[in-house]
Amino acid sequence: MSEPPMKPHRGKDIRNVHSKKTLSRVKDDHAKLQEEYNRLKKENEDLCALNAAMAANINHFATLHKQWQNLENDNKHIASHYRAFFSNDKWNTDMINHKIRLINNIRKVLRENNCRIEDDMPENRPRVEVSKANRNPFELHCELESCVVRSLLKDWKRDAAVAELEMQEQAEIAAYQKC
């Protein structure tokens, strides 16, 4: 007896669904899919680790950037202070150079006019009586220069003290205005 032919089930032969060949193919496909799933799962874990490392790097970069900005602000602050210091120092140097030029001009005028220094000396200074024969014109010039230098240095020290007080007052006013 021959078996009656099976009716096709939607165009397929259902007898092949349970065949050994089909089951082994399904098992192979399942194994391949499981391998792919495991590979993707491992890559996902790696990506999560990289993402965490990147977040840590971003936080570290933000901290470094903030430190850099603080250092930059400190640098600007220090530079402004030094700029004021150097400009004040330059002003003092210019004043000293001006006094030196003034003293040199006085020496030049004294040499040109053969000025009698002893007539120009202040009266409150003790005068040492020296005979005319022993008096050296260079010593007379030195006496006058030392007198001039003393008076100029007094003026310069007073001017420097006044300038320093003015700068302190301006700094206090600026600090008060910032508050």
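Every number in this text was worked out from the coordinates using simple rules, so none of it is lab data. Predicted, not measured: the structure shown is a model, and the values here were computed from it. Glycine gets a Cβ as well: all are built from the backbone with ideal geometry, and neighbour counts include every protein chain shown.
Descriptive notes on the structure:
- From least to most packed, judged by other beta carbons within 10 angstrom and beginning with the fewest, ARG107, ARG101 follow the order ARG101, ARG107.
- In order through the range 22-27: 3J(HN,Hα) via Karplus (6.51 cos²θ - 1.76 cosθ + 1.60), integer Hz, x for Gly, Pro: 5, 5, 5, 5, 5, 5
- For the range 60-68, the Karplus equation 6.51 cos²θ - 1.76 cosθ + 1.60, evaluated at θ = phi - 60°, returns couplings of 5, 4, 4, 5, 4, 5, 5, 4, 4 Hz by residue, with Gly and Pro reported as x.
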